[in-house]
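One structure is given below, encoded as structure tokens.
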Amino acid sequence: MLKLAIDLGTSVTKIYRLGSGIVLAEATCVTVSKETGEIRAFGNDAKRLLGKTADQTEVCFPVYEGEIVSEKLAAALLGYFLKKAAGRTFSVEALFCVPCGYKSESREKVYRVAKEAGISRVNFAESPFLSALGQDVPLSESNPVFAIDIGAGVTSVSAFSLDGTIAGLSMNVGGNNMDIHIIDHIADKFNLKIGSLTSEKLKNMVGSLIEGDNQSTIINGRDITTGKPRSVSVSSADIEFPVRVYIDKIVEYAELILQKLPAEVSAAVGRNGVYLSGGVSRLAGLPDYIARKLQMEAHISSDPQMSVVLGGGRAVGNANLLRRIRME
């Protein structure tokens, strides 16, 4: 039986194939004909059309803030990804990486989508556990770990050990919130209308939490007054507020989790520090910023966007570990 770990994210879907490693990382996106409902493009090919399609074609994201909002489109997209990741037809067992505290109704949706896409056996595990595994963090019953996974649509904050979750939560705060706020901020500051792809690019290129950072880049958009194309130079300082406001919200919730911990666990977490994962963790200065706010060391891997699915890959290859961490 072919074993996969699947991170069906709001923005990007990652698939780990046991024996091969990460075999797919593509946008969780499709384009659909408004007239016929036919899917015209999948994954990265679909996302490239965002803001560029004619009226009869719609760009759709079947996962929103960690929740499947269209089972039909999600199943078609997952089936397409499975063909790319697995090649010919196999009997497939998949471990789905899900946010902390993912509700049973939400898991049922994923289960139906997985079955429709042709997956034989379905398991679930929470992303903070898996991110720790993907970063080679030692897990045991006596060594509590504190992790924050910041994705595009959902952030999970959790303190846990191999015995289970001690305290944790998920919130609908992530990179997409920043992108939308950056669009509004650029409109107010520069009188320029930009699209979501430009906003995401701007966040990734100059978004920073480093005080005094002066990185800058040129972006193109439409002048709101004249309607004509215009270019402007945007610096890290120009978008600091829409970036920082969401990181501060994540820190606020992390502090709430820390306040709930028993004294011994709190002391151990303080010694061990916080482990960061998710695409947003790549923001310049974010580890140092969170370390200052939480007053503990912040650890981050070289590729934080892949930590969760890498951990999922380790879990699917270890039956004993999978039994310990999977959600019932």
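Observations on the model:
- Between residue 237 and residue 196, the contour length at 0.36 nm per residue exceeds the alpha carbon distance by 12.8 nm.
- Counting lysine pairs in the stretch 65-207 that sit 8 or more residues apart in sequence, or on different chains, and whose Cα atoms lie under 25 Å apart gives 14.
- Beta bridges assigned by DSSP with both partners in the chain are antiparallel in approximately 70 percent of cases.
- Helix-only mean residue ellipticity at 222 nm for the chain, each DSSP H run of n ≥ 4 adding -39500 (n - 2.57), per residue, nearest 500: -12000 deg cm²/dmol
- Rounded if a/c under 1.5, otherwise prolate or oblate - the stretch 12-73, Cα gyration tensor axes: prolate
- Burial ordering of 130, 209, 18, fewest other beta-carbon atoms within 10 Å first: 18, 209, 130
- The stretch 60-138: C-alpha gyration tensor shape, a/c 1.5 cut-off, then a/b vs b/c: oblate
- Span from the the stretch 16-87 Cα centroid across to the the stretch 164-227 one, whole angstrom: 23
- Semi-axis lengths, largest first, of the ellipsoid equivalent to the chain are 32, 29, 15 Å, with √(5λ) applied to each eigenvalue of the Cα gyration tensor.
Bear in mind these aren't lab numbers, they're just calculated from the coordinates by the rules spelled out. The model shown is predicted, which means the values in this text are computed figures rather than measured ones. Cβ: placed from backbone, ideal geometry, glycine included. Neighbour counts: every protein chain shown.
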